[in-house]
Amino acid sequence: WAAFPVKCLVHIMDYLIPFPERMACSAVCHQWRAAANDIFFVRHVLPVEMGALAMDEKKMEHNHYRTIADALAVALPGDTIELGDGHYWVKEPGLKINVPLRIVGDEKDPSHVTIELSGTVVLDGANSWMEGISFRRPRIASGEVKSQEILRIINGGRFDMFNCVLDNEGCGGNVARLSGVS
């Protein structure tokens with residue numbers, strides 16, 4: 001089985017759920033691990049600087065998305081969503097993550113990947129990982145100050161963050177709210 005070509009393995013593993021099925025296959029050998037972690041499976045979200053919002057969805061490459069919400073809508077447990085350097089606009093109500101995911105921006109400098117967030121990121125019972133992303137409120141001058149957190153974790157979800165920035169300037173209240181199982 002170790003001599004099976006990676007390209008064929010990737011095609012076969014495309015039928016598997018990323019977690020736990022594809023990850024279980026990655027334990028077989030080095031060749032299978034390479035196939036299970038192939039770039040083909042990463043969901044890429046394009047920033048607005050690349051004209052993502054104006055792009056025709058039919059012309060986009062495999063696993064490339066115009067918005068974070070589009071990528072989250074099709075994400076499976078264990079998927080990786082990669083955000084390229086640039087800005088992402090997320091309107092209210094925000095984003096809801098209810099499956100285990102890895103969301104990766106710029107591992108070295110989170111200021112290169114900025115999510116302008118009008119709503120809240122809600123993690124609902126899913127164990128997820130986020131790295132190299134800055135969240136901030138849009139810099140729009142309005143006299144209204146909302147009381148709204150950037151991150152809300154509910155129903156016992158675990159959320160590991162590495163090298164991220166949460167900037168809630170312009171909103172009243174806490175940056176994050178955590179709650180256990182009710």
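Here are some notes:
- Relative contact order of the stretch 1-140, pairs being alpha-carbon contacts under 8 Å that are 6 or more residues apart, as %: 18
- Option label - semi-axes √(5λ) of the Cα gyration tensor in Å computed here, alternatives [x] 28, 24, 19; [y] 32, 20, 13; [z] 35, 18, 13: [y]
- Between the stretch 95-139 and the stretch 54-84, the C-alpha centres lie 14 angstrom from each other.
- Using θ = phi - 60° and Karplus 6.51 cos²θ - 1.76 cosθ + 1.60, couplings along the stretch 95-106 (whole Hz; Gly, Pro as x): 10, 10, 10, 10, 10, x, 9, 10, 10, 10, x, 9
- Residue with peak Gaussian network fluctuation, the chain [Cα springs, cutoff 10 Å], from Glu116, Glu82, Glu49: Glu49
- Whole-Hz ³J(HN,Hα) from phi, Karplus 6.51 cos²θ - 1.76 cosθ + 1.60, for the stretch 9-19, glycine and proline x: 4, 4, 4, 5, 5, 5, 7, 9, 6, x, 9
- Heavy-atom accessible area per residue - the chain, 1.4 Å, Å²: 57
- Apportionment of accessible area to carbon and sulfur, the stretch 1-158, percent (1.4 Å): 58
- For the stretch 39-130, size of Cβ-based charge dipole, Lys and Arg +1, Asp and Glu -1, in debye: 220
- 5 angstrom amide H check on Tyr65, placed H, neighbours 5+ away: His44, Val45, Leu46
- Proximity of backbone amide H atoms, modeled 1.01 Å from N, is registered between Gly94 and Gly119, Thr120 at under 5 Å, excluding neighbours fewer than 5 places apart on the same chain.
- Label point distance in nm, Lys59-Lys7, each placed 7 Å from Cα along Cα→Cβ: 2.8
- Simple label model, 7 Å out from Cα along Cβ direction - Trp129 to Arg158, nm: 1.2
The values are calculated or read from the model by the stated rules, or taken from the named source; none is laboratory data. All values reported here derive from a predicted model rather than from experimental measurement. Reconstructed Cβ throughout: ideal geometry from the backbone, glycine too, with neighbour counts over all protein chains shown. Surface areas here come from the heavy atoms of the whole protein model, side chains and all, with no ligands, DNA or RNA. Shrake-Rupley method; radii C 1.70, N 1.55, O 1.52, S 1.80 Å.
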